[in-house]
Amino acid sequence: MVGPQSGPQWRVTVDPSRCIGSGLCAASAPRHFTLQGPYATAVGDLMEPDEEISDAAECCPTEAITVEEL
Amino acid sequence: MTAPPEASARTYPFNNPAGLDLDPLYAQLRATEPLSRVRLPYGEEAWLATRYEDVKFILGDPRFGRAAVIGRDEPRTHPRQQDSGLLTMDPPNHTRLRKLVAKAFTNRRVETLRPRVTEIADGLLRDMKDLGDRGDLVEGFATPLPIMVICELLGVPFTDRHNFQVWSEAIISTTSLPLETIMEYMGALHAYMAGLVAQRREQETDDLIGALVRARDEDNDRLTEQEMVELLAGLLAAGHETTVTQIPNFVYVLLTNPGKWRELVADPTLIPNAVEELMRYVPLGTAAAFARYASEDTELGGVLVKAGEPVLGSLGSANRDERFFKDPDTLIFTRETNPHIGFGHGPHHCVGAQLARLELQVALGALTRNLPDLELAVPADEVPWKTGMLVRGLKELPVRW
Ligand code: HEM
Ligand code: SF4
């Protein structure tokens, strides 16, 4: 594991105007997304890079998740 | 705290396979026994969740999974137990496999198909109209439309449909076929798909089969050959059996609920909302399926579900939960929000949901536009229903226009 300050960080956002609340991201990457109410949100703005996040983003049926490498 | 569950398990499923009614026992269970014990024709006893909140919970919470089904005698309505594929996996393995196909089914990608799907739909209705003023909507329209669409998307020759339509029934059959026939058809479907994969190795294509073959050949550990063939065969079968069934169900419900057909003819802008409302309203499944196994003791619906126990969630019951939806038994096309779970929820949320939505919207659009005076050609209680399937639907839908 890379320490929190050492490597690149990802900025992860969910666009609520696109999210249909499928629950897919929150179930497959529960440390990174939550679904409380109709839309998912990213848990925190900056995240350690993790394949779980990019996989969830690639599975999102409405491409509502954006992952930006900083 | 609600009443403790009945000591002995109830026999399940409750729904009558002929028709689209939700058995009244569901409403009773939602009120008095939200988690109850059920025994299915095959497999171990299970919990049955009937409330919206609980069903959504077992579908979306990581403490409930599908991978644990391997090696267990899954509660089910059909003799064959599924032992591979997306619905027997949990994240992260599930997500890794699913992302390979998910991109082809996002709403942006699916939306690019709309003109072509509309053209197919209008063409099929033109052909029906050329033959007279009445016909069977199942055969003339609802069956060919989704099959043509999934064939074009995957890259499967439509001319082979008579074979794979027969084989695909194996995936959604419960008792309509004997087990040996189911196994034989599954084998035939996989062999057929393996043949199409082999062709892509000779000549590249830009359809989904071609894209998956490239993804696999570039990076071998992502996907075994067998996983790829099964994934594609599953998409071909799921990609048409469900929508083929749901289009006639929707039309039947619209024609038998007074004023509902005319409402859409008069205002086609209601169609997208009507599709969501019909997805909520129509309990497609004969029974709840694909039980989730608890990985730890969890309190749910007033009972303690122990680690290792299976829980079935009824989507049809959840979608009629009066705790969640106002007037749940009434079709209302103007609901402000409609978070139904007709396409499931969580990691296994239907991969084809956006495609199915598009097909259903285009189908209702084309029908209301081309056949505004559509009506049943036989009394509503005389239309023939299929039985022995995972999903409920019409054998024929005789209509006139
Ligand atoms: C009206 C039509 C449809 C309905 C009502 C429907 C319903 C569903 C439901 C409820 C699930 C979740 C099952 C569960 O979690 O227990 C599901 C999963 C699935 N559906 Fe659909 N579906 C439809 C159309 C389609 C289409 C067009 C395709 C293919 C392109 C498709 C492919 C799949 C696949 C592959 C899964 C498994 C996903 C996974 O495990 O990750 N479905 N569907
Ligand atoms: S996967 Fe996409 S649509 Fe589904 S809850 Fe997450 S962000 Fe929303």
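Read-outs: derived from the displayed coordinates by stated rules, not from any lab. Source: prediction; values computed, not measured. For neighbour counting, all protein chains shown are included, and Cβ atoms are generated from backbone atoms with ideal geometry for every residue, glycine included.
Just a few scattered comments:
- Kirkwood Rh (inverse of mean 1/r, distinct Cα pairs), the range A:10-69, angstrom: 10.9
- Shielding by partners - mean other protein chain Cβ count within 10 Å, residues of A:17-26: 6
- Relative contact order of chain B, defined on C-alpha pairs under 8 angstrom at six or more residues apart (%): 28
- Residue pairs, from the table B:LYS56/B:LYS386; B:LYS306/B:LYS326; B:LYS56/B:LYS306, whose Cα atoms sit over 24 Å apart: B:LYS56/B:LYS386; B:LYS306/B:LYS326
- Annotation: average projected area of the range B:114-156 is 3.0 square nanometres, based on the convex hull of Cα atoms across all directions.
- 222 nm mean residue ellipticity, helices alone, for chain B (DSSP H n ≥ 4; -39,500 (n - 2.57); rounded to 500): -14000 deg cm²/dmol
- Average beta-carbon neighbours from other chains, 10 Å sphere, peptide B:349-361: 2
- Extent along the principal axes, Cα only, for the range B:10-400: 60, 57, 40 Å, with the longest axis given first.
- Just checking the listed ones, B:PRO379, B:PRO272, B:PRO79: in the Gaussian network model of chain B with Cα springs under 10 Å, the one fluctuating most is B:PRO379.
- Restricted to Cα atoms, the protein assembly as shown shows a radius of gyration and a Dmax of 22.1, 73 angstrom.
- Whole-Å distance, taken between Cα centres, linking the range B:133-179 and the range A:10-70: 35
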